[in-house]
There are 2 protein chains.
Amino acid sequence: MVFWKKLFSNSEAVTNPEITNFEGELLKVETEHNPQARILFSTERDIDLYELETLCDRVSWARRPLRKVKKAIQHSFLVVSMWEVKGKRKRLIGFARATSDHAFNATIWDVVIDPDFQNQGMGKAMMKYTIKKLRSADISNITLFADPQVVDFYRRLGFIVDPEGIKGMFWYPD
Amino acid sequence: MVFWKKLFSNSEAVTNPEITNFEGELLKVETEHNPQARILFSTERDIDLYELETLCDRVSWARRPLRKVKKAIQHSFLVVSMWEVKGKRKRLIGFARATSDHAFNATIWDVVIDPDFQNQGMGKAMMKYTIKKLRSADISNITLFADPQVVDFYRRLGFIVDPEGIKGMFWYPD
């Protein structure tokens, strides 16, 4: 059983002295198996690219040049990471980012949750955090391109497939 | 009959002294009705917002706050405009912009062609120019969300609907 003691009611800086140089918002999670687990969200961009690559490896994504991943993170409007914190140690367990025109539209890319933390509401919590951040930046049109196996996941979060017949389209070179 | 004398073979700065302070790439267009017409593409962001609003009015788009339109243009990765040039006068006849992470993905928004210039290959030319610009920036994943009535237009340009079952999704507030 997962009990969300506090979820997004307001931002809470992490003040625990054990965690230095890490700004984030705290999501307290108590589980029967790990009553000490704490989950943090952050929008800091200074993510260890190798740690991110390890996370992406765990969900079998094709590897991408870290140089380009770094550039993509720099030029994303929003970068969200999710961390499991135990004492002084933190572990990257989720990631998402969004491109945007800073005014009307945002598009969410690269949503990944560590398999150990899937099916526990963590992905949902991370996406709600992401939506909240985009909404607080006055972005009204939040979009994404969903693989078939996650369409229902996003539907439960309020995303709509092809609203008013609008179709997602991709261009590939001939 | 429209004859494309030169289309994207290489970039050609506009050197005609009649057109000052205007950088663009020339697309020579000869039509039976207007042999003097010249069509220019530009990626300059310094677009008169009222002129853009007039263009959008002509296709009956809902008006948007110019303050936000300005911000969106500033924060777009690519802004493409298409102009009809006659002597010293130029008229905005097409517009498109793209958000991007500068590395992997781009999403094209706000594609508009003046009704006087529709069904003459102008929209196709502007989109090919847009794709060429994105490709030259090493963007491999070019995406968009197409209204039902323009899905076939984009299909003819090589865009694919829902490749491998990937669905475009939109989030709206509850």
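The values are calculated or read from the model by the stated rules, or taken from the named source; none is laboratory data. Worth saying up front: this structure is predicted, and the values here are computed from it rather than measured. Please note: Cβ atoms are built from the backbone with ideal geometry, for glycine as well, and neighbour counts cover all protein chains shown.
A few comments on the model shown:
- Criterion: over 30 Å from A:Phe159 (Cα atoms) and either in contact (Cβ under 8 Å) with a residue 60 or more places away in the chain or within 7 Å of chain A (Cβ to nearest Cβ) (or both) - qualifying residue of B:Met169, B:Met122, B:Met82: B:Met122
- Test result for A:Phe145, within 14 Å of chain B (Cβ to nearest Cβ) and either within 25 Å of B:Ile139 (Cα to Cα) or in contact with a strand residue (DSSP E or B) (Cβ under 7 Å, 6 or more places away or on another chain) (or both): yes
- Restricting the range A:102-151 to residues that are charged (D, E, K, R) and touching a Lys or Arg at 6+ places or on another chain (Cβ under 7 Å), the residue that is nearest to A:Phe170 (Cα to Cα): A:Asp110
- Elements of type helices (runs of 4 or more DSSP H) contained in the range B:64-174, each with 1 or more residues being aliphatic (A, V, I, L, M) and closer than 23 Å to B:Glu51 by Cβ: B:66-74, B:122-136
- Considering B:Lys128, B:Lys90, B:Lys133, B:Lys70, the condition of being surrounded by fewer than 19 Cβ atoms within 10 Å (Cβ to Cβ) and within 16 Å of B:Phe41 (Cα to Cα) is satisfied by B:Lys128 alone.
- Residue selected from the range A:47-69 under the condition over 17 Å from the mean Cα position of the chain (by Cα) and basic (Lys, Arg), by the criterion nearest to B:Ile139 (Cα to Cα): A:Lys68
- Residue that is at pLDDT 95 or above and away from every other protein chain (no Cβ under 14 Å), where the choices are A:Ser11, A:Ser60: A:Ser60
- B:Ser100 vs. criteria within 9 Å of chain A (Cβ to nearest Cβ) and at pLDDT 95 or above: yes
- Condition check for B:Ala106: over 21 Å from A:Val161 (Cα atoms) and touching a residue at least 12 places away in the same chain (Cβ under 8 Å): no
- Residue within the range A:155-164 that is within 15 Å of the chain's Cα centre (by Cα) and more than 10 Å from chain B (Cβ to nearest Cβ) present: no
- Yes/no for B:Asp162 being surrounded by fewer than 15 Cβ atoms within 10 Å (Cβ to Cβ) and either free of Cβ contacts under 8 Å to residues at least 60 places away in the same chain or charged (D, E, K, R) (or both): no
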